[in-house]
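Novice: Below: one structure in structure tokens.
The values are calculated or read from the model by the stated rules, or taken from the named source; none is laboratory data. As the structure is a prediction and not an experimental result, all values here were calculated from the model. Positions of Cβ are backbone-derived with ideal geometry, glycine not excepted, and every protein chain shown enters the neighbour counts.
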Amino acid sequence: MQELLSVVLPTYNERENIPPLLKALLSSAKSYKLEVLIIDDESTDGTANLVKELARKDQRIRLIRRVGRSGLASAIKEGLLDATGDFAIVMDSDGQHQPEDLINAFRQLKQEKLDIVAGSRFLEEAKIRGLSQRRTGGSSLANYLARLSLPNTYQHLTDFMSGCLVLDLKTCVPFISKVDVQGFKFFYELLAVSRGALRVGEVPLTFQPRLYGRSKLDLAVLWDFVISFLHTFSLRLLPRRAISFALVGATGVLLQLTTTKILMELLQLTFEKALPVSVLIAATSNYLINNALTFRAQRLKSFLLLKGLLKFLLVASLPVIANIGLATTFYKAVAQNTLSAQLAGIFVVFVWNYVASSRFVWNTP
């Protein structure tokens, strides 16, 4: 009996890339029974409608149209959990991954009885034609940091950031269900939650330039990697959102200290007068950065952004007053050191700001 191979293709605005990719994929896998799951995150370029038309003509193609949900890792997870095959392929929808490489990976998975085979851009035989020098350097750094945070059984791997995978779903699904969909890269998160239990191999990739459209790599993706690394490095004991909130808070600390110093030295304000202004500026900065990064799945826009700022400042008003009061008292009664005084106030209010703003500003538990 011919085995069913499920192919998971996450999409967001990939209308022009889908037809040539499906043509190459279906022709490369003629000897396999396929189902192709296209997981679309509310594309605005008509990707979903095009896939729907293609699915009417070819029953091997399935559209999973997600509404109110987004993110590459969550799309891959949803596709793998919805797959009906015993084995699954995950690949990008932009034409950078070659279907022939995935078929080779599937053969290796079967021959060596592995749980996962990843396509690597960094094996000696790999050919990289679609990465700029900057992105290659960034991926190399990310791989180095990932290796530090993962179990020793995965140290032989060369591309922890790979988006090109073949998986044995019989052994992988229990771990797939645990993957944190807010993570940076699905493969990295899967390796982290498996704690070394999976047998993983690699095949070299021929990595091509994107056919159409622009890369989705942005600051938020880089931020996700930093959070994922710290989350895994902490043995997953610290919540991802708390780590992100703390890092944003650290930028607020630097901004508050710098603003206070500028107001005192350039404008000749006293510490007591400079502090409220610098605290307000730092709180506003924290809100805007958290809205863009930490809570971007619930990101507030337009009028709601302003309303959210007012709610954030209201929620933070008690700790802001405590921050100012404690710092001023510390400055007067303990030591006339502006750095120590401000850090004492900041430390006291962090937990309150995280818990209260999560619930009342961005409506997350």
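Novice: Do any strands (runs of 3 or more DSSP E) lying entirely in the stretch 16-127 carry at least 1 residues that are farther than 24 Å from Ser140 by Cα and of a type outside the set (Asp, Glu), and which ones are they?
Specialist: In the stretch 16-127, 33-40, 61-65, 87-90 are the strands (runs of 3 or more DSSP E) which contain 1 or more residues that are farther than 24 Å from Ser140 by Cα and of a type outside the set (Asp, Glu).
Novice: Mind listing just one residue for me: the one in the stretch 87-125 that is closer than 15 Å to Gly163 by Cα and polar (S, T, N, Q) and, of those, surrounded by the most Cβ atoms within 10 Å (Cβ to Cβ)?
Specialist: Among those residues, the one meeting the criterion is Ser120.
Novice: Further question on the same structure: Any residue at all in the stretch 20-36 that is in contact with a Gly (Cβ under 8 Å, 6 or more places away or on another chain), surrounded by 21 or more Cβ atoms within 10 Å (Cβ to Cβ) and either in contact (Cβ under 8 Å) with a residue 40 or more places away in the chain or not assigned by TED's automatic domain parsing to the domain that holds Val166 (or both)?
Specialist: yes
Novice: When the residues of the stretch 59-77 are filtered to those that are crowded, with 21+ Cβ neighbours inside 10 Å and more than 16 Å from Glu14 (Cα to Cα), which remaining residue is farthest from the chain's Cα centre (by Cα)?
Specialist: Looking at residues that are crowded, with 21+ Cβ neighbours inside 10 Å and more than 16 Å from Glu14 (Cα to Cα), I get Lys77.
Novice: While we're here: In the stretch 173-272, which helices (runs of 4 or more DSSP H) lie fully inside it and hold 3 or more residues that are at pLDDT below 90, outside the structural domain of His97 (by TED's automatic domain parsing) and surrounded by fewer than 19 Cβ atoms within 10 Å (Cβ to Cβ)? So that I can check it myself, show each step before the final result.
Specialist: Working: elements: 186-194, 219-233, 240-265.
Where helices (runs of 4 or more DSSP H) fall fully within the stretch 173-272 and carry at least 3 residues being at pLDDT below 90, outside the structural domain of His97 (by TED's automatic domain parsing) and surrounded by fewer than 19 Cβ atoms within 10 Å (Cβ to Cβ), they are 219-233, 240-265.
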